[in-house]
Every structure is written in C-alpha cells, then in structure tokens.
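Worksheet for the structure shown next.
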Amino acid sequence: EAGVTQFPSHSVIEKGQTVTLRCDPISGHDNLYWYRRVMGKEIKFLLHFVKESKQDESGMPNNRFLAERTGGTYSTLKVQPAELEDSGVYFCASSSGSLTGELFFGEGSRLTVL
Amino acid sequence: AQSVAQPEDQVNVAEGNPLTVKCTYSVSGNPYLFWYVQYPNRGLQFLLKYITGDNLVKGSYGFEAEFNKSQTSFHLKKPSALVSDSALYFCAVRDWGADGLTFGKGTHLIIQP
C-alpha cells in the first residue's frame, strides 16, 4: 500500500513568487492534514480536511496561503506571494478514522524562500 | 490552549542502557497523547498513544510511555537502547474538541555504540 506522498520534496523560490505543494494521501483516508515546521521550532498545525471540506483551518498563517482538496482526494497548498518567513518543511498527513487515531505522514516538502 | 514541552534538545545514551525522553503537556480537558519518531529524510512515524485506560502504553520497536496525570507528563521509555533508535522524537497532544495535534520541539536521541 502506498503511503502519503508529497511533491516537490524541495522547492527554492524567490520572495514574491508562487509555490504550490501537493499531497496525495493514503487511498481511502478521508482526513487530510497540513502541518509546517519552521527551522528549529515546533511542528504547527495548519488545517484539516474531511473529504473535500475544510474542517478546521485555524492554523493557516494568513490569506497568502490557500489549501484545496478537490474531489476529496489529493490536496494542494499554494503560497502566493511567498515571503521569507514561509520557509520551512510542510508536512501532509492522513488518517482514516477518529481524531484519536494515528496520523500517517508524508516525507515533507521543504520550501526555501530567498 | 494546548501546549507540549520537551525540555531536552538532545539525549545521549549508551547502547544497551535504558532511555527516557521527557514530555510534559498542558490541556484544558482530557488529553490525547502521542509519540512520533522521525528518521533522517523521512516523514514522522507513529510510535504509540494514550487515549484512556492503563497509564502504561506500549508501542512500536519496544518503546513504552507512562501517562502521569498529576505531573502532566508522558515520558517515552525503552529498557534497552539500540543504535538504530537514534532519531528525532516528537511528543504531541490533542485536546478534546481540537482538530490538530500540538507538537513539542522534538528531542534528538543519540544512541552510542
């Protein structure tokens, strides 16, 4: 069974440019989460999808971030325009069941904004 | 608001010795507690969780953790460390009603041969 896959693994862009990160969850997992780890700091929750609906987006930093999950399958996270402080590793995770269940994480997408 | 503290950035243990990675938490209700491990260039992997019931929970790779409500702690333990246990360990908590996990900063565990 394929795990959670994320693309790209590493992206280097200049301030002001746009980047789109993609996450393919484990097939059949209705829950999809985005998290971000800025260098040396905690992993922070960004948002939670249940199928195609945003269940909780309280962790999204600002309106430069847009997450979508069309059709309830893969998800994209767009940053437009990117700022220096957006640099970090963006993790996607999926799960099949309740909020007490384990999350399956992807390897992360490292974003570097110059 | 929920929070997690991992007071040690790094823990060094000799192979074969017992190990402990510390974690304390703060939540408004009953906590759901988790440990995840991250190996280099890999995603986080689930180790174990406490939801309710027995305070001592056992997980993958011989790890266990003890939930202590009075001390608000959930320390990760293993009786005999292996070099292959060397990795970055994250403690996380989910408060009742919250969607997302709150993670600690992570602890680098280094097992010396």
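The values are calculated or read from the model by the stated rules, or taken from the named source; none is laboratory data. Values in this document were obtained by computation on a predicted structure and should not be read as measured data. Quick reminder, even Gly has a Cβ in these numbers, built from the backbone with ideal geometry, and neighbours come from all protein chains shown. The protein model used for the area step is the full one, side chains on, heavy atoms only, and it has no ligands, DNA or RNA in it. Shrake-Rupley method; radii C 1.70, N 1.55, O 1.52, S 1.80 Å.
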By residue number, the members of region A:16-52 that are part of a strand (DSSP E or B), surrounded by fewer than 17 Cβ atoms within 10 Å (Cβ to Cβ) and at pLDDT 95 or above are A:Thr20, A:Arg22
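Conditions tested, residue by residue: (1) of a type outside the set (D, E, K, R); (2) in contact with a helix residue (DSSP H, G or I) (Cβ under 6 Å, 6 or more places away or on another chain); (3) part of a strand (DSSP E or B); (4) crowded, with 18+ Cβ neighbours inside 10 Å.
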residue	(1), (2), (3), (4)
A:Gln55	yes, no, yes, no
A:Ala67	yes, no, yes, yes
A:Gly71	yes, no, no, no
A:Lys78	no, no, yes, no
A:Cys92	yes, no, yes, yes
Leading residue by the ranking (farthest from A:Pro25 (Cα to Cα)) among those in region A:98-114 that are more than 8 Å from chain B (Cβ to nearest Cβ) and assigned to a loop (DSSP other than H, G, I, E, B):
A:Leu114
Of everything in region A:87-97 that's more than 8 Å from chain B (Cβ to nearest Cβ) and within 13 Å of A:Phe49 (Cα to Cα), which residue is farthest from the chain's Cα centre (by Cα)?
A:Gly97
Quick one: is B:Gly29 more than 21 Å from A:Trp34 (Cβ to Cβ) and open to solvent by less than 80 Å² (accessible area, probe 1.4 Å)?
yes
With the requirement that a residue be open to solvent by less than 20 Å² (accessible area, probe 1.4 Å), within 15 Å of B:Pro7 (Cα to Cα), touching a Gly at 6+ places or on another chain (Cβ under 9 Å) and within 11 Å of chain A (Cβ to nearest Cβ), what does region B:89-109 give you?
B:Phe90, B:Cys91, B:Ala92
Sort through B:Leu76, B:Leu82, B:Leu47 and tell me the only one that's at pLDDT 95 or above and within 14 Å of another protein chain (Cβ to nearest Cβ).
B:Leu47
Those residues of region B:62-88 which are in contact with a Lys or Arg (Cβ under 8 Å, 6 or more places away or on another chain) and open to solvent by 70 Å² or more (accessible area, probe 1.4 Å) amount to B:Glu66
